[in-house]
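The values are calculated or read from the model by the stated rules, or taken from the named source; none is laboratory data. It should be emphasised that the depicted structure is a prediction, and the values quoted were computed from it without experimental measurement. Quick reminder, even Gly has a Cβ in these numbers, built from the backbone with ideal geometry, and neighbours come from all protein chains shown. Protein only, heavy atoms only, side chains kept; ligands, DNA and RNA dropped before computing areas. Shrake-Rupley method; radii C 1.70, N 1.55, O 1.52, S 1.80 Å.
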Amino acid sequence: MSLQPSRISAPWRGVIAHYRERITLTSSVPPVTLLEGNTPLIPAPALAAILGGGFELYLKYEGLNPTGSFKDRGMTAAMTQAVADGARAVICASTGNTAASAAAYAARAGLKCVVLVPDGKIAAGKLAGALSYGAQVISINGSFDDGLRMVREATQRAPIALVNSINPARLQGQKTAAFEVCDVLGDAPDWLCLPVGNAGNITAYWLGFQEYFNDHVVSNRPQLLGAQAAGSAPIVLGHVVEHPETIATAIRIGNPARWHEAATALEESDGQIYAVSDDEILHAYQLVARHEGVFCEPSSAAGLAGLAKALREGKINLHGKRVVAVLTGHGLKDPDTAIRLSATPQIIEPKIEALLARLDL
Ligand code: F0G
């Protein structure tokens, strides 16, 4: 019997190290990494059956990244580039997840981090993260879109690097999620559905799928199915939304920075984009937790809500197809919504009879 620990596989070293030759950064500094990526692609047969069946459904569970969202893939690249460029400080506007991720990677890199968030519209777990990692958190009386306008100008007028997804390094990191999906499935899926906010992620996925396809790593490219919250659906509506509203605060965005790229990705992939109501989002959010045991934040379920809508309205035929739904952030990011939607725990005396009387078996 060997006394050596058994290695399941080579240790994971983060997305930049793993996909080094595919990531275009103008830097040769060692990656600023928290070993992000390599998230599970979880089969979801129960949910597929509830949605009508006849297709394979997988959940790309991005909530298992180090700070609990897909943003870490982009942030390892953006922060590595910032260090290579000699930056001393970074800044971003955020609905929460980018803020937490930037704060963590800046802490790792020893850089100052400033985040702008819409006051009162950021989920508790995201604020807790950004504050704990030591960022300077500034709450603005305005929307994410106002914040993005302000940080863009700040980087013109002060020595501070922008780490929002208008920074091309972010997309280089985030496209690795598309690579992982293909690496696990052995080819590209037929459909990939995901929530759309500032539209960086849909742009990054398309970049990744195109790259694998053009290099003949895979034989096809997926059709993309995007979903926006009905109260914040500029791409679906075709115009800027001045006062975006939705319970899915992560995607409460009225003027996406990568609108044009998202439109191109949807067109080139022969994709579709839907506006889904808060009720539809919350329904999908509960379904995936209760039937698959996978807890994502409300915004993350928007892609699934869009898929459900497309099926219900007969806009899509998934028979025999492979579908991946990207769950962008962890459910623990937004404990308040989770608890508000659930039944209150029952309180009993510490007596066995009291417990047995409550067992509804
Ligand atoms: N899902 C979650 C959990 C998000 O946090 C975001 C964006 C999206 C989806 C949409 O991705 O913006 O690339 O289209 N959150 C940003 C933030 C805006 O500040 O954390 P996108």
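Figures for the structure shown
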read-out	value
Cβ-derived FRET efficiency at R0 30 Å, R290 paired with E268, nearest 0.05	0.25
Max mean-square fluctuation residue, GNM over the chain, Cα-Cα springs under 10 Å, options V114, V217, V196	V217
C296 long-range amide H proximity, modeled H, under 5 Å	G331
Largest to smallest accessible area among I140, I339 [probe 1.4 Å]	I339, I140
Calculated FRET efficiency for the pair S27/S219, C-beta based, R₀ 30 Å, to 0.05	0.35
Farthest positive-ward along the chain dipole, Cα basis, beta-carbon charges - from H283, Q272, Y58	Y58
Among 160-170, 236-246, 294-304, the order from most to least packed when residues are scored by Cβ within 10 Å on average	294-304, 160-170, 236-246
Pairwise centroid distance, computed over Cα atoms, of the stretch 293-332 with the stretch 26-76, Å	14
Under the Karplus curve 6.51 cos²θ - 1.76 cosθ + 1.60, θ = phi - 60°, whole-Hz ³J(HN,Hα) for the stretch 311-322, x wherever Gly or Pro sits	5, 4, 8, x, 8, 8, 10, 9, 4, x, 9, 10
√(5λ) per eigenvalue of the Cα gyration tensor, the stretch 153-215, largest first, Å	29, 12, 8
Note, ³J(HN,Hα) from phi for the stretch 185-202, Karplus 6.51, -1.76, 1.60, rounded to Hz, x at Gly and Pro	7, x, 6, 6, x, 7, 9, 10, 10, 7, x, 10, x, 7, 6, x, 6, 5
Cross-link pairs K126/K321; K175/K333; K126/K309; K71/K315; K60/K112; K121/K321 - those with Cα-Cα distance over 26 Å	K126/K321; K126/K309; K71/K315; K60/K112; K121/K321
Gaussian network model of the chain, springs between alpha carbon atoms under 10 Å - residue of Y61, Y274, Y212 with greatest fluctuation	Y212
Residues in the stretch 283-302 that a label on W12 would reach, taking backbone N under 20 Å of a point 7 Å out along Cα→Cβ	293-297, 300
Diffusion coefficient, µm² s⁻¹, Stokes-Einstein with Kirkwood Rh over alpha-carbon pairs of the stretch 13-106 at 25 °C and 0.890 mPa s	165
Percent of alpha-carbon pairs separated by more than 32 Å within the chain	30
Residue-wise HN-Hα coupling along the stretch 33-42, computed from phi with Karplus coefficients 6.51, -1.76, 1.60 (Hz; x: Gly, Pro)	9, 10, 6, 5, x, 6, 7, x, 10, 9
Per-residue [θ]222 nm for the chain (sum of -39500 (n - 2.57) over DSSP H runs n ≥ 4, rounded to 500)	-11500 deg cm²/dmol
The stretch 74-226, accessible surface, carbon-and-sulfur percent (1.4 angstrom probe)	48
